[in-house]
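Have a look at the structure below, then the notes.
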Amino acid sequence: VRPGYPVNPDNVRKALPEAMKKLSAAGVTLPLVSTPVDWINPGDSFAEDLWSACHDCGIQNIKIGYWNFHGGDYKSQFELAQKSLDKFANLGSRFGIRTLIHNHSGNYVNINASAVMRLLQNRNPFEVGAYIDPGHLNVNGEPVAMALDIVGDYLAMAAFKDSIIQRTSDATPKHVEWVPFGRGNVNWPEVVKAFRDKGYAGHVSFHCEYEKLKLDQLVSQAKADVSLIKSLDK
């Protein structure tokens with residue numbers, strides 16, 4: 001539910017139920033809605049519209065955006081994120097929909113599982129949860145098994161993608177490229193084992209962020225990615 005998409009912040013109350021009918025007719029379920037990557041304001045009208053529409057459609061999870069770390073004052077930025085999350089948790093309590101925080105590498109308050117858990121600690125895991133992404137953990141995170149232990153019962157969803165990291169001479173991340181599964185630095189046998197050992201039985205989102213591929217190539221690559229994970233999940 002983002003600007004420029006068929007369902008967007010301006011039409012979500014009408015367009016999301018219409019999209020849901022088409023998905024349901026095709027036998028497709030919808031466990032998650034993603035908001036704009038820079039949207040972290042639970043006080044605007046979009047929040048009420050989105051949570052209400054998702055409630056009416058039976059959608060159980062909403063992924064919000066990211067809190068940028070601007071440097072110099074982590075404490076105040078963390079506190080702002082906490083206040084924002086208080087309001088998201090209240091929406092979750094009212095509508096029965098869980099707000100998900102996605103760990104994202106880079107200059108973000110929710111950079112990895114440790115940072116995400118600091119935001120979620122002592123909250124109701126039915127109102128807020130962790131959306132764990134091994135691709136981003138590969139850049140600025142913990143070993144996957146450790147990350148899953150850190151978030152514990154707050155683990156709500158998984159996002160799978162593979163990444164290659166090009167580094168500068170001082171070993172700091174310079175550029176991250178999202179690549180087909182098995183061509184990056186993510187250890188997929190380790191990832192699958194970690195989720196299996198955790199007893200995870202929830203949804204996995206395959207992000208397929210392959211901007212250089214044409215549509216037919218992207219579909220083929222998505223199928224290959226899923227096949228690789230299924231081959232390991234035995």
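The values are calculated or read from the model by the stated rules, or taken from the named source; none is laboratory data. None of the values given here were measured: they were computed from a predicted structure. Because the Cβ atoms are built from the backbone with ideal geometry, glycine has one as well, and the counts that use them run over all protein chains shown. The protein model used for the area step is the full one, side chains on, heavy atoms only, and it has no ligands, DNA or RNA in it. Shrake-Rupley method; radii C 1.70, N 1.55, O 1.52, S 1.80 Å.
Here the peptides 110-120, 49-59, 34-44 are ranked by packing, the mean other Cβ count within 10 Å, and the order with the highest first is 110-120, 49-59, 34-44. The tail of the calculated P(r) for the stretch 63-136 beyond 21 Å holds 21 percent of all Cα-Cα pairs.
For the stretch 124-132, backbone phi angles converted through the Karplus equation (6.51, -1.76, 1.60; θ = phi - 60°) give residue-by-residue couplings of 7, x, 8, 9, 9, x, 9, 10, 8 Hz, Gly and Pro being listed as x.
Taking Lys83, Lys214, Lys21 in turn, the Gaussian network model of the chain (Cα-Cα springs below 10 Å) assigns the largest fluctuation to Lys214.
Taking the Kirkwood radius as Rh and the Cα radius of gyration as Rg, the stretch 114-234 has a ratio of Rg/Rh equal to 0.99.
Under a model in which nothing but the beta-carbon of Lys, Arg (+1) and Asp, Glu (-1) is charged, the chain shows a dipole of about 420 debye around its Cα centre. Using C-alpha pairs under 8 Å with a sequence gap of at least 6, the mean separation divided by the residue count of the chain gives a relative contact order of 12 percent. Counting protein heavy atoms only, the stretch 28-76 has 51 percent of its accessible area on carbon and sulfur, 1.4 angstrom probe.
Here the Karplus relation 6.51 cos²θ - 1.76 cosθ + 1.60, evaluated at θ = phi - 60°, turns the backbone of the stretch 82-95 into coupling constants of 4, 5, 5, 5, 4, 6, 5, 4, 5, 4, x, 5, 6, 9 Hz, with x for every Gly and Pro.
Give, rounded to the nearest 20 debye, the magnitude of the charge dipole that the stretch 137-234 has about its Cα centre when Lys and Arg contribute +1 at Cβ and Asp and Glu contribute -1 at Cβ. Write down the numbers at each step before the final one.
Numbers: 12 positive and 13 negative charges, 63 e Å.
Value, rounded to 20: 300 debye.
Taking amide H as placed 1.01 Å from N in the peptide plane, Trp67 has its amide H under 5 Å from the amide H of Val109, Asn110, each at least 5 places away in sequence or on another chain. The residue list Met157, Leu215, Ala15 was ranked by how far each Cα lies along the charge dipole of the chain toward its positive end, using unit charges on Cβ atoms, and Leu215 comes out on top.
Computed over the stretch 194-234, the convex hull of the alpha-carbon atoms projects to a mean area of 3.4 nm². The Cα-based radius of gyration and maximum Cα-Cα distance (Dmax) for the chain are 17.8, 53 Å. Among the listed pairs Lys22/Lys161; Lys87/Lys230; Lys63/Lys214; Lys63/Lys230; Lys83/Lys212, those whose Cα-Cα separation exceeds 30 Å are Lys87/Lys230; Lys83/Lys212.
Provide the percentage of antiparallel DSSP beta bridges, counting only those with both residues in the chain; round to the nearest 5. Could you put the intermediate results ahead of the total?
Working: 7 of 23 bridges.
Within the chain, antiparallel bridges account for around 30 percent of the total.
Using only side-chain charges placed at the Cβ, +1 for Lys and Arg and -1 for Asp and Glu, the dipole size of the stretch 32-118 relative to its Cα centre rounds to 300 debye.
Return the equivalent ellipsoid semi-axes of the stretch 1-107 as a descending list in whole Å, where each equals the square root of 5 times an eigenvalue of the C-alpha gyration tensor. Please list the in-between numbers first.
Details: eigenvalues 148, 40, 29 Å².
Calculated on Cα positions only, the semi-axes equal 27, 14, 12 Å.
Dipole orientation for the chain: of the candidates Pro125, Gly4, Thr29, Thr29 has the Cα lying most toward the positive pole (charges on Cβ; Lys, Arg +1; Asp, Glu -1).
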